[in-house]
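Okay, so here's the structure we're looking at.
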Amino acid sequence: MERDYITFEETRKIIAEEVEESDIIQVNLKKSCGYALAEDIFSPVDLPLWTNSAVDGYGFNTKSLVNLPAELKVIGEIKAGEAKKFKIELGEAVKLYTGALIPDGVDAVIEVEKVEKIGDKIVIKEKVKEFCNIRSKGEEVKKGQKVIEKGTEITPGVVGFLSSMGIKEVKVRRKPKVGVIVTGSEILRPGSNLKEGKIYESNSVMLLTGLRKFGIEKIRIAFSKDDFKALRKRFYSFLDECGIIIFTGGVSVGDYDFVRVLVERENVVKLFYKVQQKPGKPIFMGRKGDTLIFGLPGNPAATLICFYEYIIPSIKKMMGFSRIFLPEEEKELLNDVKKKQDRLYFLRAKADGDKVFVLPNQDSHMLSSFVNSNALVLAPKEVSYIQKGEKVKVHILT
Ligand SMILES: Nc1nc2c(c(=O)[nH]1)N[C@H]1C(S)=C(S)[C@@H](COP(=O)(O)OP(=O)(O)OC[C@H]3O[C@@H](n4cnc5c(N)ncnc54)[C@H](O)[C@@H]3O)O[C@H]1N2
Ligand code: MOO
């Protein structure tokens, strides 16, 4: 495959096929959120574990309700967590608390507030169906059943479910350590005095916070002037310890764009360079040894869009997620879009329900449109105009 100036679809194929999964480690459930399961999960138990009551009430046999109202004798109680201690005969009832085991002879439970209590008796005035308020052993999950697929994201809900099966640890794939090298002789950190021609820098904090938001904990940041030697030094100081190195800036065709020069001279294996998209056209993706190398265009909107569309999917692929790309939906466009027929455009947009509005300030150096943006509209390469009311593809920013 020719790997220069390729389409966005081709880059997705390359990421899905060529990014390798990282090692498997075992983690405690408490630390598992944000990973993907590296194994299918088969339940070691039935769920519910025991047949039990869904309410605080009285357990009895529905055959005791032939004539209504029916008076039943309460012979004792069972709390949640206690072993079964009774066998119920016709005409008898047992007080049960939510989660309590259902004793033999009981086939329904009625809520406390639905009965009249007179001394050690209860009066039931209404019909109650068999199995009413009874949660049966194994009704949700049978022992040995496959309950979660490998590659599923571990969320608090998944953690709770695993814990309810008595599982304490799971296998996941290691998170990569990420090195970010921000290049440019013009950049200043916020807090320093502004000098003519210099700019306050955005890419380092965007990538740092973006990576943290996606659960990456080990992140190193370095800055380099547009100077080949300095850049090379930073690169080799990160290479051994990082699974991913992200450069920002210096990937285009300028005389001082040394990231492009560095990846060539240092024999980084190219996966692709330049994509038919805006922003982010001169993106580079490659590999050196086991480390993935990204050169993101310095324009901040290009950096951030490439982060969502390339970096996060690559990290997710490494971590064994089965869904690695941004969620894609179709929505109705609320305003007209004009563009050149040169590349696929990613347009910062506000999605609401099944509609989407393209925001102003779309140039690659502009970040203000991200303030209200929760989605990217994909305006295809071959199209120069999309009319309000048409359906468009949208990537949801999570
Ligand atoms: N002759 C051509 N010039 C350019 C082309 C081209 O095809 N031919 N492509 C343009 C496109 S598209 C992009 S995108 C940029 C990418 O350039 P670089 O990746 O080499 O980035 P720089 O030149 O270093 O910076 C671009 C722009 O972004 C600002 N910048 C850089 N780093 C930061 C930062 N950390 N925070 C905020 N802003 C940053 C920098 O000052 C520049 O204004 O190239 C076009 N040129
Ligand atoms: O591809 Mo660049 O990010 O359009 O300006």
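The values are calculated or read from the model by the stated rules, or taken from the named source; none is laboratory data. As the structure is a prediction and not an experimental result, all values here were calculated from the model. FYI the Cβ positions are ideal-geometry reconstructions off the backbone, even for glycines, and counts take in every protein chain you see.
Summary table below
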{"quantity": "Enumeration of residues in the range 264-278 that are within 12 Å of ligand 1 (Cβ to nearest atom) and surrounded by 21 or more Cβ atoms within 10 Å (Cβ to Cβ)", "calculated": "Val275, Gln277, Lys278"}
{"quantity": "Residue check for Gly179: crowded, with 17+ Cβ neighbours inside 10 Å, assigned by the TED database to the domain that holds Ala302, away from ligand 1 (no atom under 13 Å from the Cβ) and not aromatic (Phe, Trp, Tyr)", "calculated": "yes"}
{"quantity": "Arg232 being at pLDDT below 95, closer than 21 Å to Ser185 by Cβ and in a helix (DSSP H, G or I)", "calculated": "no"}
{"quantity": "Residue within the range 159-176 that is among the small types (Gly, Ala, Ser), in a helix (DSSP H, G or I), under 25 Å from Pro279 (Cβ atoms) and under 23 Å from the mean Cα position of the chain (by Cα) present", "calculated": "no"}
{"quantity": "Among the candidates Thr152, Thr209, residue that is at pLDDT 95 or above, out of contact with any Phe, Trp or Tyr (no Cβ under 6 Å at 6 or more places or on another chain) and surrounded by fewer than 15 Cβ atoms within 10 Å (Cβ to Cβ)", "calculated": "Thr209"}
{"quantity": "Verdict on Ile246 being part of a loop (DSSP other than H, G, I, E, B) and among the β-branched types (Val, Ile, Thr)", "calculated": "no"}
{"quantity": "One residue from Val268, Val261 being hydrophobic (A, V, I, L, M, F, W, C), more than 12 Å from ligand 2 (Cβ to nearest atom), without any contact (Cβ under 8 Å) to a residue 40 or more places away in the chain and farther than 29 Å from Arg323 by Cα", "calculated": "Val261"}
{"quantity": "Complete set of residues in the range 285-297 that are more than 25 Å from the chain's Cα centre (by Cα) and within 10 Å of ligand 1 (Cβ to nearest atom)", "calculated": "Pro297"}
{"quantity": "Residue in the range 213-229 that is nearest to Glu20 (Cα to Cα), counting only those that are part of a loop (DSSP other than H, G, I, E, B) and in contact with a strand residue (DSSP E or B) (Cβ under 8 Å, 6 or more places away or on another chain)", "calculated": "Ile216"}
{"quantity": "Selection count, the range 340-353, where residues are part of a loop (DSSP other than H, G, I, E, B) and free of Cβ contacts under 8 Å to residues at least 60 places away in the same chain", "calculated": "3"}
{"quantity": "In the range 188-212, the residues that are in contact with a helix residue (DSSP H, G or I) (Cβ under 8 Å, 6 or more places away or on another chain), closer than 11 Å to Thr248 by Cβ and outside any loop (DSSP other than H, G, I, E, B)", "calculated": "Asn203, Met206, Leu207"}
{"quantity": "Subset of the range 279-338 [assigned to a loop (DSSP other than H, G, I, E, B) and closer than 30 Å to Glu149 by Cα]", "calculated": "Asp290, Met319, Gly320, Phe321, Ser322, Arg323, Ile324, Phe325, Leu326, Pro327"}
{"quantity": "The range 190-235, residues that are hydroxyl-bearing (Ser, Thr, Tyr) and without any contact (Cβ under 8 Å) to a residue 24 or more places away in the chain", "calculated": "Ser192, Tyr200, Thr209"}
